[in-house]
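A.B. asks: Before I ask anything, let me first share the structure, which is written out below as structure tokens.
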Amino acid sequence: TFLERFGDSLSRGDLKAASGAWAIPALVLSDEGVVAVSKASEVEEFFAKATEWYRSQGLVATKPEVERIESVAERLTAVDVRWPTFDAAGQEKTSERSHYILEQGRDGQLRIRLALTRTTEPGKH
């Protein structure tokens with residue numbers, strides 16, 4: 001449910017809701033390097049740019065396909081997710097796979113503490 005809400009907020013361009021899914025501080029790892037996130041506004045800025053790029057490519061929605069969930073500590077969960085992206089006709093055009101470490105905060109809410117993302121090609125699941 002957490003990832004479905006996160007995907008929905010990204011699809012709608014709701015940057016406040018998307019940034020609220022992140023624990024601060026957080027780390028984002030990719031081939032481009034490591035980004036230490038220290039403010040919610042940094043998450044919003046990143047997703048604003050990402051949303052603009054996806055829209056420019058004709059991509060309008062995403063939804064999570066959870067591939068694996070593993071409890072690694074009392075409040076930490078490792079999750080592997082495939083994120084297909086769709087055009088306005090509902091056709092899958094590309095996808096990404098992400099590995100997250102989710103943390104259950106003292107308020108009981110899950111948030112992303114660490115994200116590792118890589119792009120995949122359509123049909124290569």
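A.B. asks: Which residues, taken from the stretch 60-81, are in contact with a Ser or Thr (Cβ under 8 Å, 6 or more places away or on another chain) and of a type in the set (Lys, Arg)?
C.D. replies: Lys63
A.B. asks: Looking only at the stretch 77-88, decide whether some residue is in contact with a strand residue (DSSP E or B) (Cβ under 8 Å, 6 or more places away or on another chain), open to solvent by less than 40 Å² (accessible area, probe 1.4 Å), without any contact (Cβ under 8 Å) to a residue 40 or more places away in the chain and of a type in the set (Gly, Ala, Ser).
C.D. replies: yes
A.B. asks: Let me ask something additional. Could you identify the single residue in Ile69, Ile112, Ile101 that is out of contact with any Phe, Trp or Tyr (no Cβ under 7 Å at 6 or more places or on another chain), open to solvent by less than 80 Å² (accessible area, probe 1.4 Å) and at pLDDT 95 or above? Spell out how you get there, then give the answer.
C.D. replies: Details: Ile69 fails: open to solvent by less than 80 Å² (accessible area, probe 1.4 Å); Ile112 fails: out of contact with any Phe, Trp or Tyr (no Cβ under 7 Å at 6 or more places or on another chain).
On inspection, the qualifying residue turns out to be Ile101.
A.B. asks: Answer yes or no as to whether Trp22 is open to solvent by less than 50 Å² (accessible area, probe 1.4 Å) and either over 18 Å from Leu3 (Cα atoms) or of a type in the set (A, V, I, L, M, F, W, C) (or both). Break it down into steps so the answer makes sense when it comes.
C.D. replies: Values: open to solvent by less than 50 Å² (accessible area, probe 1.4 Å): yes; either over 18 Å from Leu3 (Cα atoms) or of a type in the set (A, V, I, L, M, F, W, C) (or both): yes.
Yes; evaluated as a whole, the condition is true for this residue.
A.B. asks: Within the stretch 26-49, can one find any residue that is at pLDDT 95 or above, touching a strand residue (DSSP E or B) at 6+ places or on another chain (Cβ under 6 Å) and open to solvent by less than 40 Å² (accessible area, probe 1.4 Å)?
C.D. replies: Within the stretch 26-49, one or more residues are at pLDDT 95 or above, touching a strand residue (DSSP E or B) at 6+ places or on another chain (Cβ under 6 Å) and open to solvent by less than 40 Å² (accessible area, probe 1.4 Å).
A.B. asks: Quickly run through the stretch 50-64 and pick out the residues that are open to solvent by 70 Å² or more (accessible area, probe 1.4 Å) and within 12 Å of the chain's Cα centre (by Cα).
C.D. replies: Within the stretch 50-64, Lys63 is the sole residue that qualifies.
The values are calculated or read from the model by the stated rules, or taken from the named source; none is laboratory data. Predicted model only: the values in this text are computed from it and were never measured. Ideal geometry is used to build each Cβ from the backbone, glycine not excepted, and the neighbour counts take in all protein chains shown. Remember, those area values only see protein heavy atoms, side chains included, never the ligands or the DNA or RNA. Shrake-Rupley method; radii C 1.70, N 1.55, O 1.52, S 1.80 Å.
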